[in-house]
Amino acid sequence: MSTENQTEYIAALTNLHRGLDRKGPGDSGFSRDILSNLSTLPLNPRIADLGCGSGASALLLAQHYQSTVMAVDTSSVFIDELKARANQLGLEHLIIPIQGDMAKLGWSVGSVDLLWSEGAAYNLGFEQALKIWRPLLANSGIAVISELSWFTDDVPEPAIAFWQNAYPTMGNEAENIDRAHRSGFSILSTRRLPSQSWWVNYYKPLRDQMQQIEITPSIQSVIRETEEEMRLFEKFSDFYGYTFYVLQAAYINLI
Ligand SMILES: C[S@@+](CC[C@H](N)C(=O)[O-])C[C@H]1O[C@@H](n2cnc3c(N)ncnc32)[C@H](O)[C@@H]1O
């Protein structure tokens, strides 16, 4: 895709997600359950939500820990939505909105205790994201990262064809666990986001938006692609979905 087309595509994708609480599949109850099973973090943990969108998880994390969350996203539209939501919830003192590239944060080594990222690591590639983010974490720090993953090796051809085109390096859970080990993490647990959460919290609001939005050629093309993605998920959600990888930074010498 040319840079011009890429810019147009991202603008159309952003418009389609404007105003939605979630910009990808997720579930607050599911996230809270993961949090309730995490080992204790230091007092006032340093938290980051990378690829935060309009803050579905950043706001939840701020509320849960009553601690500051650095929330990073490239989209100024989504960062503005995050600021508005934080104000509405009276959480603006706990949210540090950062419009920027999560691959080039320039933060100090070991400066994060809990790194959270939902539906965003694929933009860098899962392994690449883990390798870039590992040095940011304190030794024994926790990373909770959701990643589109194959649930079986026996995947029907239409699903393989679609995702090989959309996300060529998508791996199965065993491969992603290997990638995490190679990147300096141990695995605390893996949890699959239920398919119902995709429909209720993401696809349904997105479908409603698709029916109301003003159609331009680039929006039309993103809508066609999204409808195909939904049809595929309707048929094949037993074979793939978002797995949440709950990781702990293995000890390395950070000096
Ligand atoms: C599928 S959305 C998920 C957003 C949010 N985590 C949620 O669950 O609602 C992926 C997000 O990653 C952001 N993103 C993509 N590449 C990025 C990058 N290099 N740095 C920061 N954010 C990025 C997009 O703007 C988008 O908001």
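What follows draws every value from the coordinates through simple rules; no lab data is involved. Source: prediction; values computed, not measured. No Cβ is skipped: glycine too gets one built from the backbone with ideal geometry, and neighbour counts run over all protein chains shown.
To the nearest 0.05, what FRET efficiency results for Asp33 and Ile187 with a Förster distance of 22 Å applied to their C-beta separation?
On the way: r = 18 Å, r/R0 = 0.80.
The calculated FRET efficiency here is 0.80.
When a/c is below 1.5 the answer is rounded, else prolate if a/b is larger than b/c, else oblate, so apply that to the chain with a ≥ b ≥ c taken from the square roots of the Cα gyration tensor eigenvalues.
Numbers: a/c = 1.63, a/b = 1.23, b/c = 1.32.
Judged from the Cα gyration tensor, the chain comes out oblate (a/c at least 1.5, b/c at or above a/b).
Among Leu137, Leu124, Pro158, pick out the residue whose Cα is farthest towards the positive end of the charge dipole of the stretch 118-166, where Lys and Arg carry +1 and Asp and Glu carry -1 on C-beta, about the Cα centre.
Leu137
Cut-off is 10 Å between beta-carbons; in what order do Asp238, Asp178, Asp73 appear when sorted fewest neighbours first? Could you put the intermediate results ahead of the total?
Values: Asp238 11, Asp178 14, Asp73 26.
In order of increasing Cβ crowding within 10 Å: Asp238, Asp178, Asp73.
Filter the trypsin sites (Lys or Arg not before Pro) in the stretch 84-190 down to the DSSP loop ones having no more than 10 other Cβ atoms within 10 Å, then list what survives. Don't skip to the answer; put the middle values down first.
Working: sites: Arg85, Lys104, Lys131, Arg179, Arg182; in loops: Lys104.
For trypsin sites (Lys or Arg not before Pro) across the stretch 84-190 that sit outside H, G, I, E and B with at most 10 neighbouring Cβ atoms in 10 Å, the list reads Lys104.
How long is the gain from Glu225 to Thr7 if the chain were fully straight, where each residue apart is worth 0.36 nm and the alpha carbon distance is subtracted?
Residue separation times 0.36 nm, minus the Cα-Cα distance, leaves 76.8 nm.
Can you tell me which of Glu225, Glu147, Glu81 moves the most in a GNM of the chain? Springs connect C-alpha atoms under 10 Å apart.
Of the options given, Glu225 has the highest mean-square fluctuation.
Using the Cα centre of the chain as origin and beta-carbon charges of +1 (Lys, Arg) and -1 (Asp, Glu), tell me which of Trp107, Asn44, Ile219 is placed farthest towards the positive end of the dipole.
The residue sitting farthest along the positive end of the dipole is Asn44.
Could you tell me which of the pairs Lys23/Lys235; Lys131/Lys204; Lys83/Lys235; Lys104/Lys235; Lys83/Lys204 are separated by over 29 angstrom between their Cα atoms in the structure shown?
On the way: Lys23/Lys235 22 Å; Lys131/Lys204 34 Å; Lys83/Lys235 37 Å; Lys104/Lys235 38 Å; Lys83/Lys204 24 Å.
Among Lys23/Lys235; Lys131/Lys204; Lys83/Lys235; Lys104/Lys235; Lys83/Lys204, the Cα-Cα distance tops 29 Å for Lys131/Lys204; Lys83/Lys235; Lys104/Lys235.
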